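The values are calculated or read from the model by the stated rules, or taken from the named source; none is laboratory data. Here the structure is a predicted model, which is why all the values come from computation and not from measurement. Every residue, glycine as well, gets a Cβ built from its backbone with ideal geometry; the counts of neighbours run over all protein chains shown.
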């Protein structure tokens, strides 16, 4: 029976007893495995925890791996640094949206009621504010709000 590969689109002869949708080419099999793994990570907590533990163990055994990799692959390192600079530039140029009467960088907090507003992606203040009551316990030091 002839089928079409989901990944590359080529036709291949499939075993009629198997319901495979990928041909036997290595890149198609990698795509099939990656799809399976993503689905497994999304739905199986035990598998996800096992993968995290295995990764932590590998990291502890391979402490100098990334340093050596970057030394051996300068083109990768250069490209990665350029991408990071671009991400940083976009992050800095994005306007932060907040209330017009928001407090400045330095603020002495006093007891009272305050509106607590959740942030969406750390940038846009959401509309569903909560009212909270804050009691100052100590006045020994001034509170300084620092930005990200």
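Table: residues versus (1) under 27 Å from residue 59 (Cβ atoms); (2) modelled with pLDDT under 60; (3) touching a helix residue (DSSP H, G or I) at 6+ places or on another chain (Cβ under 7 Å).
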| position | (1), (2), (3) |
| --- | --- |
| 69 | yes, no, no |
| 75 | yes, no, no |
| 92 | no, no, no |
| 109 | no, no, no |
| 113 | no, no, no |
| 131 | no, no, no |
| 139 | no, yes, no |
| 144 | no, yes, no |
| 148 | yes, yes, no |
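Restricted to region 11-28, and to residues there that are in a loop (DSSP other than H, G, I, E, B) and touching a strand residue (DSSP E or B) at 6+ places or on another chain (Cβ under 6 Å), the residue that is surrounded by the most Cβ atoms within 10 Å (Cβ to Cβ) is 23.
Remark: residue 37 falls outside the filter, which requires a residue to be surrounded by fewer than 11 Cβ atoms within 10 Å (Cβ to Cβ), under 22 Å from the mean Cα position of the chain (by Cα) and part of a helix (DSSP H, G or I).
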